[in-house]
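Asks: Dropping the structure in here first, questions after.
The values are calculated or read from the model by the stated rules, or taken from the named source; none is laboratory data. On a predicted model such as this, the values are computed, not experimentally measured, just so you know. We place every Cβ from the backbone using ideal geometry, glycine too, and count neighbours over all the protein chains shown.
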Amino acid sequence: MKPDANPDESGAPTVSGTLWAGRLDVAPADELMSFTVSLPYDRLLAADDIAASHAHVRGLVRAGLLSDADGVAVAAALDATAAELATDEFAFAPGDEDIHTAIERRVTELAGTAGARLHTARSRNDQVACDLRLFVKRELAAVARGVLGLQQVLAERAAEVGEARVPAYTHLQRAQPVLLAHHLLAHGWALARDLDRLLDARRRADVSPLGAGASAGTSLPIDPDATAADLGFAARFENSLDAVSDRDFVAESLFALALAGVHLSRLGEEIVWWSSEEVRFLRLDDAWATGSSMMPQKKNPDVAELARARAGRLIGNLTGLLATLKGLPLAYNRDLQEDKEPLFDSLAQARGALVALAGLLGTASFDEARMAAAADDPFLAATDLAEVLVSRGVPFRQAHERIAGVVRAALAGEGDFAELAATEVGPEAVEVLSPGGSLARRTSPGGGGAGPVAVQRERFAARLAADAARLAALE
Ligand code: ARG
């Protein structure tokens, strides 16, 4: 006896029926269903599943596998199902193990026998890969827009702070003065690579697997090139086994998101450090800071800390999926269902962190006087003093040694660094050590002085405009 497992006369599975009810004697165990279902999270694919099914139906009609009338009936049922899903009126059934099953069940309830033809020449294996690629294409572009938003904030702040200066650090020790804009744009360029990587991953996701079937294609006369074009894919799959088992596009997306997350984490760490009482280069706007439940004086950078922390999740999602994929034989294996939660999580976390950091950075204020005082620390001009000697023909190694001697003498209390430097280098030292003097000499291309940074600002603006155009072209 198969109490619940048989399709009724219209071809629709009964309420607790499954898509494989014809093969197995009894309905699945409750525990099997609760362990294997993906419906709680793969509902996010609903709109893409509907879109892919519409294209599939059009393909079946073109192939003569579905009559025009049936095609119209199934398309109408898909639209009705989409409307129910969009308004939360959709009634899920116990047998709906994933969103694909749920939608096909509902379409079959609404369209009867015509609906029972929907899955002709299609498997959930090519279907889920197709849905997920449509989803990834859209979502990666959305994250890239978030990256661009944060870059725009960095560019605006860099413009606004003009020629404000700040120490560059190596080993977290003061190194040489640079423009604050140079420091801000350094984060901007890292994000430019992220944007590029996201779009690059998107490009490789832009291949339709629809028509691969369960693993080997089909004996029915379908045209995967046409459905690929219908869905806006750049190409169709080359090999059906590869098409249903390939999750490179998910892994690549997770890597691009994880590396962007690492960049946001580094930015978050600098915000935490710069806003600390010890440094005080940055003051957070009250709307973007938190307080303490116990210590009345506290103003905390929780947003920056969480942005710093989220990278851990993004890295975990990437390594988790790579571990899932490792060792999987061709072609589809149910293990692949585990691709979705890390992907959905990383996309959401990255988008959230981008928006939060843009809000925080857009409203924070820089303590330019404190930054300038730190940047004007005369020791930070030591390299420039050595370079004055080099410009007079002294070999750099000797120049380094002579200025190091001046530093040691100053540290030993033998005199003021500026005076000792003037004795060693001559009157030019006075100009080098004047406020902003060292920075004015930093003229090499791509460097942190005003001249090269003016060029850099233009190049960064051009890059943002070009990337904005790339993103607009995807809409
Ligand atoms: N929910 C499944 C997934 O995400 C759909 C594919 C199921 N295919 C199968 N042969 N059981 O991978």
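Per-residue answers, yes or no, for (1) among the charged types (D, E, K, R); (2) within 16 Å of the ligand (Cβ to nearest atom):
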position	(1), (2)
Arg124	yes, yes
Arg138	yes, no
Glu160	yes, no
Arg165	yes, no
Thr170	no, no
Gly188	no, no
Asp200	yes, no
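Asks: Can you tell me which residue among Ser265, Ser208 is more than 16 Å from the ligand (Cβ to nearest atom), small (Gly, Ala, Ser) and touching a strand residue (DSSP E or B) at 6+ places or on another chain (Cβ under 6 Å)? Reasoning before the result, please.
Replies: Working: Ser265 fails: touching a strand residue (DSSP E or B) at 6+ places or on another chain (Cβ under 6 Å).
Checking each option against the conditions leaves just Ser208.
Asks: Just to be sure I understand, how many residues within the stretch 38-75 are within 16 Å of the ligand (Cβ to nearest atom) and outside any helix (DSSP H, G or I)?
Replies: So the count comes out to 1.
Asks: Output the residues belonging to the stretch 427-446 that are in a loop (DSSP other than H, G, I, E, B) and in contact (Cβ under 8 Å) with a residue 12 or more places away in the chain.
Replies: First pass over the stretch 427-446, keeping only residues in a loop (DSSP other than H, G, I, E, B): 427, 434-436, 441-446.
Selection gives Pro435, Gly436, Arg441, Arg442.
Asks: What are the pairs, 6+ residues apart or on separate chains, where a residue within the stretch 87-101 that is within 13 Å of the ligand (Cβ to nearest atom) has its Cβ under 8 Å from a residue that is hydroxyl-bearing (Ser, Thr, Tyr) and not in a loop (DSSP other than H, G, I, E, B)?
Replies: Once the first residue is within 13 Å of the ligand (Cβ to nearest atom) and sits in the stretch 87-101, its partners that are hydroxyl-bearing (Ser, Thr, Tyr) and not in a loop (DSSP other than H, G, I, E, B) give Glu97/Thr36.
Asks: Would you point out which residue out of Ala29, Ala21, Ala12 is more than 36 Å from the chain's Cα centre (by Cα), more than 27 Å from Leu134 (Cβ to Cβ), at pLDDT below 95 and surrounded by 15 or more Cβ atoms within 10 Å (Cβ to Cβ)? Full working, then the answer.
Replies: Values: Ala29 fails: surrounded by 15 or more Cβ atoms within 10 Å (Cβ to Cβ); Ala12 fails: more than 27 Å from Leu134 (Cβ to Cβ).
Checking each option against the conditions leaves just Ala21.
Asks: State whether the residues of the stretch 207-219 include one that is small (Gly, Ala, Ser), loosely packed, with under 14 Cβ neighbours inside 10 Å and under 27 Å from Lys326 (Cβ atoms). Outline the logic, then answer.
Replies: So the first thing to find is which residues in the stretch 207-219 are small (Gly, Ala, Ser), and the list is 208, 211-217, 219.
Filter again for loosely packed, with under 14 Cβ neighbours inside 10 Å, leaving 216, 219.
Among the residues that remain, those that are also under 27 Å from Lys326 (Cβ atoms) are: 216.
Checking the stretch 207-219: at least one residue is small (Gly, Ala, Ser), loosely packed, with under 14 Cβ neighbours inside 10 Å and under 27 Å from Lys326 (Cβ atoms).
Every residue, every condition in (1) more than 16 Å from the ligand (Cβ to nearest atom); (2) part of a loop (DSSP other than H, G, I, E, B), yes or no:
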| position | (1), (2) |
| --- | --- |
| Ala323 | yes, no |
| Gly327 | yes, yes |
| Tyr332 | no, yes |
| Phe344 | no, no |
| Leu347 | yes, no |
| Val355 | yes, no |
| Gly359 | yes, no |
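Asks: So is Asp339 under 30 Å from Ile271 (Cβ atoms), of a type outside the set (Val, Ile, Thr) and within 16 Å of the ligand (Cβ to nearest atom) or not?
Replies: Values: under 30 Å from Ile271 (Cβ atoms): no; of a type outside the set (Val, Ile, Thr): yes; within 16 Å of the ligand (Cβ to nearest atom): yes.
For Asp339, the condition - under 30 Å from Ile271 (Cβ atoms), of a type outside the set (Val, Ile, Thr) and within 16 Å of the ligand (Cβ to nearest atom) - is not met.
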